[in-house]
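The values are calculated or read from the model by the stated rules, or taken from the named source; none is laboratory data. Note that the coordinates shown come from a computational prediction; the quantities given were computed from them, not determined experimentally. Quick reminder, even Gly has a Cβ in these numbers, built from the backbone with ideal geometry, and neighbours come from all protein chains shown. Only protein heavy atoms, including side chains, enter the accessible area calculation; ligands, DNA and RNA are left aside. Shrake-Rupley method; radii C 1.70, N 1.55, O 1.52, S 1.80 Å.
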Amino acid sequence: MLQIQDVILSLDVITKEFSCDLSACRGACCIEGDAGAPVTPEEIAEIEELLPIIWDDLSPEARKVIEEQGIACPDPDGELVTQIVNGKDCVFTCKGEKGMCYCAIEKAYREGKVSFKKPISCHLYPIREKKLGPCIGLEYNRWDICQFAVIKGRKEHTPIYKYQKEPLIRRFGTQWYEELELTVQEMKNQKLIP
C-alpha cells in the first residue's frame, strides 16, 4: 500500500500495466455486469440536466427505464449506481459501428455539447474507489473483459496510474498527482517496486 495525502493506493495501481483497447473489447464494460456505474448525488444532478441533450442517443429500452425508474438506484450495498437495461447494459450506452459501445454522455462531451465527461467511476476504471474510514482507497479492479487492455498495457509499458493520469487529476487534483509521481519515483530508486 502507498498513501498520498488521504488516499491509500494498492500497489497494483502503480505496478500493473493497463491500456484500454476498444478495438478488441468493443466497450464491453458498458454492457457487462450486474449493476450500473457508481454515481454521486452531484453527478446524478448533472446527468439529469444534460439528459435532454443525450436523450436521442439512448435506446428506447433505456429511455423507458429512465422514465419509469430514474437514472440511478441503490445497489445491494446501498451505493448509488446508474440504472441498467436487460439486466446488464448501462442506460447511457449507445451503439456505434460494428457493435461498438459508447457512453452517450461522453459522446456528447466529445462533441462539445456538454461539459460533464462521464461519472468519475467510469473515468477512473479499472481503478475503483472505496471508503477506508477517513481515507479513500484506490484499487485495481481486475475483470476478464479487460484482458486486451492488460495485453496492450504490457506492450506499451503503461502502468495504471499513468494510463489514468487525467481522471486521477480530475478526482484528486494536479498537486496530488505530482506527489504520487514523485513518491513512485522514490520507491523505484529505492528498489521497493520494479
Q: Please identify the pairs in which a residue from segment 33-59 that is closer than 22 Å to K130 by Cα has its Cβ atom under 9 Å from the Cβ atom of a residue that is small (G, A, S) and assigned to a helix (DSSP H, G or I), counting only partners at least 6 apart or on another chain.
A: A37/S121; P38/S121; V39/S121; T40/S121; E43/S121
(Q) Looking only at segment 155-187, how many residues end up being free of Cβ contacts under 8 Å to residues at least 60 places away in the same chain, surrounded by fewer than 18 Cβ atoms within 10 Å (Cβ to Cβ), in a helix (DSSP H, G or I) and not basic (K, R)? (A) 9
(Q) Take the conditions without any contact (Cβ under 8 Å) to a residue 40 or more places away in the chain and among the aromatic types (F, W, Y) and apply them to Y140. Does it pass? (A) no
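Residue by residue through segment 126-151, note down the ones that are of a type in the set (D, E) and not in a strand (DSSP E or B). Walk me through it before giving the result.
Let us first name the residues in segment 126-151 that are of a type in the set (D, E), namely 129, 139, 144.
Once the filter is applied, which keeps residues that are of a type in the set (D, E) and not in a strand (DSSP E or B), segment 126-151 yields only D144.
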Q) So which residues in segment 126-139 are open to solvent by less than 30 Å² (accessible area, probe 1.4 Å) and within 18 Å of the chain's Cα centre (by Cα), if there are any at all? A) P126, I127, I136, G137, L138
Q.
So the check is Cβ under 8 Å with 6+ separation or different chains; which pairs have a first residue in segment 110-126 that's more than 28 Å from Q147 (Cα to Cα) and a second one that's in a helix (DSSP H, G or I) and open to solvent by 30 Å² or more (accessible area, probe 1.4 Å)?
A. K113/I53; V114/I53; S115/Y109; F116/E46; F116/Y109
